[in-house]
Amino acid sequence: MSHAPPSHSPADLTLDHVAIATPDLNEGSLPYLALGLIPEGPDEDVGSQGVRVRAFWAGQTLIELLAPTREDSPIATFLARRGPGLHHTAYRVADLDTEMARLRGLGARFLQDAPTPGRAGTRVAFLHPKWGAGTLIELVEHPAHPAAE
Ligand SMILES: CC[C@H](C(=O)O)C(=O)SCCNC(=O)CCNC(=O)[C@H](O)C(C)(C)COP(=O)(O)OP(=O)(O)OC[C@H]1O[C@@H](n2cnc3c(N)ncnc32)[C@H](O)[C@@H]1OP(=O)(O)O
Ligand SMILES: [Co+2]
């Protein structure tokens, strides 16, 4: 028997974005433009990650296209090893520090000791893909998160 989606997941987590690695944002945008998705805003360079980001709205969730802006970018490494495609999933949390401490208490492995700058001025943290059962999982702090309203 299938269950209707709860208004908010038990942990009050909602999917913030699905990220896709691409060598070229214009080329990577073509399927999403054909699907009719709307760009969220102008492209954004995030120097700390060595990426240029283009986001599209898909309902309340974003498709985050990532192209490398320098050779040592994690996206450049990913593309060299795996080619373009799905890179990570990201969830919205109201308080990133609290959530990191909670997950660390459950044995989670973060790739950084502390949150780092993300797209649109967010604070983000990444969990190791091995802990994520093969998926790179990102947490994005959204103070305007429904739980915080
Ligand atoms: C602008 C910010 C934006 C936002 O949302 O705000 C972003 O999302 S920026 C996104 C780009 N930044 C990052 O991804 C930062 C976190 N990533 C990393 O630190 C690395 O990419 C890392 C550690 C996940 C992988 O680095 P690397 O490939 O050099 O390490 P390994 O080769 O040792 O890989 C370990 C292990 O993980 C597998 N792997 C690597 N990348 C992924 C991935 N995206 N999804 C799933 N699995 C991944 C890799 O194959 C290795 O597995 P193994 O079985 O040993 O082969
Ligand atoms: Co991301």
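The values are calculated or read from the model by the stated rules, or taken from the named source; none is laboratory data. Keep in mind that this is a model prediction, so the values were computed, not measured. Ideal geometry is used to build each Cβ from the backbone, glycine not excepted, and the neighbour counts take in all protein chains shown. For accessibility, only protein heavy atoms count, side chains too; no ligands or nucleic acids. Shrake-Rupley method; radii C 1.70, N 1.55, O 1.52, S 1.80 Å.
Where does the charge balance sit around SER29 when Lys and Arg score +1, Asp and Glu -1, over other residues with C-beta under 15 Å from its C-beta?
With Lys, Arg at +1 and Asp, Glu at -1, the neighbours total -4.
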- Whole-percent carbon and sulfur share, accessible surface of the stretch 14-141, 1.4 Å: 56 percent
- Item | Å² of accessible area per residue within the chain, as computed with a 1.4 Å probe and no ligands counted | 57 Å²
- Message: For ASP45, what accessible surface area do you get with a 1.4 Å probe? Give it in Å², rounded to 10.
- Response: 90 Å²
- Note on the structure: Listed by chain and number, the residues whose amide H is under 5 Å from that of HIS87, excluding neighbours fewer than 5 places away on the same chain and using placed H, are ALA19, ILE20, ALA21
- What is the antiparallel percent of DSSP beta bridges lying wholly in the chain, to the nearest 5? 70 percent
